[in-house]
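Written out below as structure tokens is the structure these notes cover.
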Amino acid sequence: MDKIIEEAKSLRNDIDSLPEIKEYYRLRNLMENDKELSRLRIEIARLANESKLEERKNLLEIYNSHPLVNNYNIAMEEAKSILRTIKDIIN
């Protein structure tokens, strides 16, 4: 069992060292710490809670068109694709 855990940890380290994954982590960190985006997320949640769906939809479009969010979404899709490929190889 220890060998399997060691191999899994090694695979995780290899995955984390891929440039696409590093970029995903970098953008995720930037997004999480961006004050403007944080404010928008809070406002979007507030509007949803108040059932102001049209206003929420408009603000969500603004949020999703932010360059950092757009780049993050692209990086996330690349990361998911890599992980799906690895999963297919393992299976």
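The values are calculated or read from the model by the stated rules, or taken from the named source; none is laboratory data. On a predicted model such as this, the values are computed, not experimentally measured, just so you know. Glycine gets a Cβ as well: all are built from the backbone with ideal geometry, and neighbour counts include every protein chain shown. SASA here: full protein model, heavy atoms, side chains in, ligands and nucleic acids out. Shrake-Rupley method; radii C 1.70, N 1.55, O 1.52, S 1.80 Å.
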Of Ile21, Ile42, which residue is under 24 Å from Pro67 (Cα atoms), open to solvent by 70 Å² or more (accessible area, probe 1.4 Å) and of a type in the set (Val, Ile, Thr)? Ile42
Out of the residues in region 45-69 meeting the condition of being in contact with a helix residue (DSSP H, G or I) (Cβ under 6 Å, 6 or more places away or on another chain) and either of a type outside the set (A, V, I, L, M, F, W, C) or outside any helix (DSSP H, G or I) (or both), tell me which one is least open to solvent (accessible area, probe 1.4 Å). Tyr63
Which residues, taken from region 1-13, are open to solvent by 90 Å² or more (accessible area, probe 1.4 Å) and assigned to a helix (DSSP H, G or I)? Asp2, Lys3, Ile4, Glu6, Glu7, Lys9, Arg12, Asn13
Please work out which residue is surrounded by the fewest Cβ atoms within 10 Å (Cβ to Cβ), limiting yourself to region 70-91 and to residues that are touching an Asp or Glu at 6+ places or on another chain (Cβ under 9 Å) and not acidic (Asp, Glu). Ser81
